[in-house]
2 protein chains.
Amino acid sequence: MTAAQRRELEKIQFDAYLAECKSRELLETLSSKWVALVLSALREKGALRYSEIARTIAGASQKMLTQTLRALERDGLVSREVEPTVPVSVTYELTPLGDSLSGLVLSVKAWAEANMVDVMVARAEYDDRT
Amino acid sequence: MTAAQRRELEKIQFDAYLAECKSRELLETLSSKWVALVLSALREKGALRYSEIARTIAGASQKMLTQTLRALERDGLVSREVEPTVPVSVTYELTPLGDSLSGLVLSVKAWAEANMVDVMVARAEYDDRT
DNA sequence: CGGCATCCGTACGGATACTG
DNA sequence: CAGTATCCGTACGGATGCCG
């Protein structure tokens, strides 16, 4: 992609409220629990090996983990480094772009943990009313 | 729920990295494009009627809209007010709890719109490499 | 160790029709 | 207007097995 092509794209105003807009699709991929957990883990712990991510995020199948990491790598949010040891060692790290997003999703994760009680109370009241 | 029961819950440390933790489940529901778009719309535009939300979020089926709004209402993030006119008019508004979250998800939506070009460039490069 | 390929059930979500 | 109910296809994601 040339700089001229990029400047053309910069002119576009993206709006996730529009169904056909590419930013809607991007928001969609970012709105995944696995994305949120992976970005949070990499932000909180720095560079991590594949197995360390798997251990951090309990219950994530390696299919979802790999799929999520590939998508994040493709979108330029995470870098993947392979060290040709035996057996091979793979390390993932946030890119500057990914770093600028990870703070936001980490705050959402932190909100969920901090306000869990309020939500549980609200649910109990709602279920009582109905 | 009594105040004593609530105090018991307050003691719990929630951790979304744990598969069985309720906060993981909450993060999961928050990690939905529809939740992000609805909370963003209500934050940006204030109280909205059902049809206004539907118009704002293009391409959202009324099934998903209703389902999302019910879930948000149950979790205490959104309040629902029915005015008994003919035909009936229903208004949705962020609760203080919902307001405290909506800023975070709106920032994620804004990030997606602002960094769409960077992501598209990264994707093009990735697809070239592979 | 860090994957990829395949199979397969379920549940997410769209389309349609009907109601207070 | 603001829903509810039902049907139904698809695609998300888990389980398993194999590989460099």
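Tabulated results
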read-out: Helix runs (DSSP H) in chain A reaching 15 Å along axis by Cα, Kyte-Doolittle at least 0.5; value: A:96-114
read-out: Solvent exposure, largest accessible area first (probe 1.4 Å, DNA, RNA and ligands not counted), of B:R55, B:R123; value: B:R55, B:R123
read-out: Charge dipole magnitude, Cβ of K and R +1, D and E -1 - chain A, Cα centre, debye nearest 20; value: 320
read-out: Backbone N under 13 Å from the B:A47 label point (7 Å along Cα→Cβ), restricted to the stretch B:73-99; value: B:79-84, B:89-95
read-out: B:R6 paired with A:L18, simple spin-label distance in nm, labels 7 Å along Cα-to-beta-carbon; value: 4.5
read-out: Relative contact order (percent, whole number), the stretch B:32-129, Cα cutoff 8 Å, 6+ residue spacing; value: 33
read-out: Ranking by accessible area, most exposed first, for B:V78, B:V86, A:V88 with a 1.4 Å probe; value: B:V86, A:V88, B:V78
read-out: Separation between Cα centres of the stretch B:85-118 and the stretch B:1-79, rounded to whole Å; value: 10
read-out: Given B:K22/B:K63; A:K33/B:K11; A:K33/B:K45; A:K63/B:K33; A:K22/B:K11; A:K109/B:K63, the pairs whose alpha carbons are separated by over 31 Å; value: A:K22/B:K11
read-out: Inter-chain shielding of A:19-25 (mean C-beta neighbours from other protein chains, 10 Å cut-off); value: 5
read-out: Counting all C-alpha pairs of the protein assembly as shown, share separated by more than 34 Å (%); value: 24
read-out: Residue-level accessible surface for B:D15, protein heavy atoms, 1.4 Å, Å²; value: 50
read-out: Accessible area buried at the B-A interface, both sides summed, 1.4 Å probe (Å², nearest 100); value: 5800
read-out: Calculated SAXS-style log₁₀ I(q)/I(0) at q = 0.10, 0.21, 0.22, 0.24 Å⁻¹ - the stretch A:32-129, Debye, Cα scatterers; value: -0.33, -1.02, -1.10, -1.24
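The values are calculated or read from the model by the stated rules, or taken from the named source; none is laboratory data. Because the structure is predicted, anything quoted here is derived from the model rather than measured. Neighbour counts run over all protein chains shown; Cβ positions are idealised from the backbone, glycine included. With ligands, DNA and RNA removed, areas are computed over all heavy atoms of the protein, side chains included. Shrake-Rupley method; radii C 1.70, N 1.55, O 1.52, S 1.80 Å.
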